[in-house]
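Worksheet: the structure to be examined is printed underneath.
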């Protein structure tokens, strides 16, 4: 029965592609997806994806949440485009393991394509050639607490994606000064975390930047421009109607520690 279903699917795909091909005035199918020139423009957390016509999908489990990534690009020549949900993969890397998750849904060009489960891919093919600017949304079911990951798509291009709490300030404002001094010849991106709130501070080389934060316990992370794939963590600290100054420099037996975690 499974093989019969497979043959039916292949025949249906062939017929569908043939119809698309004839309607598209012999426009070719896009085989090199780098020609889409896709770039990640935003990421957000949503409760579910889909609509009444296509069906909906929620996260795979209670330990997951749905992350919706918007990508834009430009097609310079007319092409018929065929996409499957499993064409897009989110890659999460830690010190101990790597997690790979295929997307569970696509929104392109104005239609949701949903995979019915973790082992089934949804398929969409354009009926007419597409040219010019394009936009698509890709949904992933990812473990809660993951804010940074890499997306790989058919052109074998990989791009980093950040959730909003990893790229903008979210409700982290107060009266305590957090001063970051960078005496190095490279720039540093500093990320403050307190619970589910965060703030990003970009500190150019040889400069000092300050932000104001409320009372609470904080974790702090650093990304160096000289090591863009690396991630460093500093000692956690607390604010209780006081300020703090952190100097980003390696000092033997210093009173503040910075260690590489990725």
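The values are calculated or read from the model by the stated rules, or taken from the named source; none is laboratory data. In this text, all values refer to a predicted model and were calculated from it rather than measured experimentally. Cβ: placed from backbone, ideal geometry, glycine included. Neighbour counts: every protein chain shown.
Values for this structure:
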{"item": "Odd one out for residue 178 among (1) surrounded by fewer than 17 Cβ atoms within 10 Å (Cβ to Cβ); (2) within 18 Å of residue 209 (Cβ to Cβ); (3) at pLDDT 85 or above", "result": "(1)"}
{"item": "Those residues of the stretch 78-126 which are at pLDDT 80 or above, in a strand (DSSP E or B), more than 13 Å from residue 137 (Cα to Cα) and in contact with a helix residue (DSSP H, G or I) (Cβ under 8 Å, 6 or more places away or on another chain), in sequence order", "result": "79, 80, 82, 102"}
{"item": "Residues of the stretch 36-57 that turn out to be touching a residue at least 24 places away in the same chain (Cβ under 8 Å) and under 21 Å from residue 151 (Cβ atoms), as a count", "result": "14"}
